[in-house]
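What follows is a short report on a single structure.
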Amino acid sequence: MTPLFDANAHPSLSGTILKKPASFPSLLQHLHDAGFIGACAVGLPASGEYDHKNFLAACQAHPNLVPVAAWSDVPTSKIEQEIFALQTLGYRAIKLHPRLCGMSVRDARFAQVLQACASAQVVVFHCTYQFGTDGSLHPIDPLPALMDAVANAPNLKMVLLHGGGIEILRYSEAVRSNPNLLLDLSLTLTRYKRSSVDLDIAHLFNTFDQRMCLGSDFPEYTPSEIRDRFELLASGLSQTKRDNIGWRNIMSMVGVEKCEKLTP
């Protein structure tokens, strides 16, 4: 069975997110049961109890978890300072969530964050799900502004969470010309199952395996659900392609050389 590494899981310090169980032990048990070897533990700014230091400590208690700091509504004058502070704490990546941190891709601060992260060699995890309640802040088509910001941040490493959703093929073409970008399939892999998106994903599994990764969006979905979807859509792929998609690409992106045996 191909080992998998979860690119986008959301364990919570309080143990729940949106009334769903999301404790660190719960995540680790799910990962173990589904044959995962580790996960990026991605903080969410709207989860109430989130705190950079406490979240980092909770992640560091488990060597198979890579902590990703939740980016909050930071003013322009403090962006570089905040990134430096997170890096000093021990974070190697941050999560930009436009709808939760109130920062659209059209916001000048967005480009500033990308540039600062590129300079500091901090990986950016960016939510590409564009549908929200405030269309004035978050454009229905964020890709042009996103790619403009990326172009102005040389050497930036970025994971595009959810792969652009229903526009996954379009986003894959944008990623294709940017070697430091990775297309994550959390949410998209499960949300649109049995739709035409399955054909798009199967096509990309076969032709784009070096630029993709998998995630559960836990607790929205479980690692077991991701395992089932991966095994279905990756059927017939070579072991090299399965490894690229399942664990190699995301581990390389966040600088993890190997994982210790995962114990719940």
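Computed from the coordinates by the stated procedures, all read-outs in this text should not be read as laboratory data. Only a predicted model underlies this, so the values are computations on that prediction, with no experimental measurement involved. Every residue, glycine among them, receives a Cβ derived from its backbone with ideal geometry; neighbour counts consider all protein chains shown.
Brief remarks follow.
- Kirkwood-Stokes translational diffusion coefficient of segment 59-136, alpha-carbon pairs, 25 °C, 0.890 mPa s, µm²/s: 186 µm²/s
- Each listed q (0.18, 0.21, 0.25 Å⁻¹) maps to a log10 I(q)/I(0) for segment 98-160, found by the Debye formula over equal Cα scatterers with no solvent: -0.59, -0.79, -1.08.
- For the chain: lysine pairs under 24 Å (alpha-carbon distance), excluding those fewer than 8 apart on one chain: 17
- Restricting the GluC sites (Glu not before Pro) of segment 44-92 to loop positions (DSSP other than H, G, I, E, B) with no more than 13 neighbouring Cβ atoms within 10 Å leaves Glu49.
- Highest average first, the peptides 160-173, 11-24 ordered by how many other beta carbon atoms sit within 10 Å of their residues are 160-173, 11-24.
- Here the simple spin-label model places points 7 Å from the Cα toward Cβ, and for Ala57 and Phe84 these points are separated by 2.5 nm.
- Counting every other Cβ atom within 10 Å of each residue's Cβ, Lys241, Lys193, Lys53 order from fewest to most as Lys53, Lys193, Lys241.
- Each label was represented as a point 7 Å from its Cα along the Cα-to-Cβ direction; for Leu169 and Asp198 these points are 1.7 nm apart.
- Calculated FRET efficiency for the pair Ala120/Thr240, C-beta based, R₀ 41 Å, to 0.05: 0.80
- For segment 141-152, backbone phi angles converted through the Karplus equation (6.51, -1.76, 1.60; θ = phi - 60°) give residue-by-residue couplings of 10, x, 4, x, 5, 4, 6, 4, 5, 5, 4, 8 Hz, Gly and Pro being listed as x.
- Between amide H atoms placed 1.01 Å from N, distances below 5 Å from Gly38 occur with Asp6, all of them 5 or more places distant or on a separate chain.
- Between Glu257 and Asn152, the modelled labels are 3.8 nm apart [label points 7 Å from Cα along Cα→Cβ].
- Calculated Rg and Dmax of segment 1-121 using C-alpha coordinates, Å: 14.9, 49
- Computed from the alpha carbon atoms alone, the convex hull of segment 173-264 holds 113 Å³ per residue.
- Neighbour-count ranking [beta-carbon atoms within 10 angstrom, fewest first] of Leu100, Leu114: Leu100, Leu114
- Scattering profile of the chain at q = 0.10, 0.12, 0.13 Å⁻¹ [log10 I(q)/I(0), Debye over alpha-carbon scatterers]: -0.44, -0.65, -0.78
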